[in-house]
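To start, the structure under review is shown below, and the notes come after it.
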Amino acid sequence: MDALEAQMMMQSRELMRYWDRASSGDWARVLATFSLFSGISKRRLRKLVRHATLTEFAPGHTIVAGDVSDDSLYVILGGRAKAHGDSVTRTLGVGDYFGHVGLVDGGPGDATVVATGELHVMRLPRQSFLRLTQDAPVISLTTLRNLGARMRRLETQAARC
């Protein structure tokens, strides 16, 4: 774990103690430490957070099923989850996000995501997230980079089979 990841986890843990009372400014400060939202103004992040829903999941709970459409982006604030795709399983932690494939094309996601421990997420509605991407194209570029890297990994795995 590097210093930035440790800082993100510490900030997130602090807010978890009173997460139902944290302000949009508190959550904007946390989101600003995540790679997807770096470079986005706190003002824009506060506006985004006002449309968000904070949710907890118990270990073993399925958050999204890969074959079901979902119109939200999920950002992990605390805990861990596993994303099970066609041929890849990834571990997700604080600062990671999922649901972005469905946001891009409006269809079902590419993975089933299951909580591996107590999981805290911020659920961002599609329209709010898309509005932010129009105002801050860096988010679109980051999302595309992550999708491209995932496609590259899948192509490499398929070539080995």
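Consider only pairs whose beta carbons are under 8 Å apart and that are at least six residues apart or on different chains; among these, list those whose first residue lies in the stretch 37-51 and is within 17 Å of PRO137 (Cβ to Cβ) and whose second residue is surrounded by fewer than 17 Cβ atoms within 10 Å (Cβ to Cβ) and of a type in the set (D, E, K, R).
Hits for this filter: ARG44/ASP135.
I'm checking my understanding of the structure. Among residues of the stretch 56-66 that are of a type outside the set (Phe, Trp, Tyr) and modelled with pLDDT of 90 or more, which one is nearest to the chain's Cα centre (by Cα)? Let's see the steps before the verdict.
Taking the stretch 56-66 first, the residues of a type outside the set (Phe, Trp, Tyr) are 56, 58-66.
Among the residues that remain, those that are also modelled with pLDDT of 90 or more are: 56, 58-63.
Numbers: GLU56: 14, ALA58: 17, PRO59: 18, GLY60: 18, HIS61: 17, THR62: 15, ILE63: 12 Å.
Checking each candidate, the answer is ILE63.
If I filter the stretch 69-89 down to residues being farther than 20 Å from SER35 by Cβ and in contact with an Asp or Glu (Cβ under 8 Å, 6 or more places away or on another chain), which single residue comes out as surrounded by the fewest Cβ atoms within 10 Å (Cβ to Cβ)?
ASP86
Residue-by-condition table, conditions (1) touching a Pro at 6+ places or on another chain (Cβ under 9 Å); (2) modelled with pLDDT of 70 or more; (3) aliphatic (A, V, I, L, M):
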residue	(1), (2), (3)
PHE98	no, yes, no
GLY102	yes, no, no
ASP105	no, no, no
ARG123	no, yes, no
ASP135	no, yes, no
ARG153	no, no, no
ALA158	no, no, yes
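SER69: at pLDDT below 85, closer than 18 Å to ARG126 by Cα and over 14 Å from the mean Cα position of the chain (by Cα), yes or no?
Against the criterion (at pLDDT below 85, closer than 18 Å to ARG126 by Cα and over 14 Å from the mean Cα position of the chain (by Cα)), SER69 qualifies.
It is to be established whether one or more residues within the stretch 36-44 are buried (at least 17 other Cβ atoms within 10 Å of the Cβ), aliphatic (A, V, I, L, M) and at pLDDT 85 or above.
no
The values are calculated or read from the model by the stated rules, or taken from the named source; none is laboratory data. Because the structure is a prediction, the values reported are computed rather than measured. For neighbour counting, all protein chains shown are included, and Cβ atoms are generated from backbone atoms with ideal geometry for every residue, glycine included.
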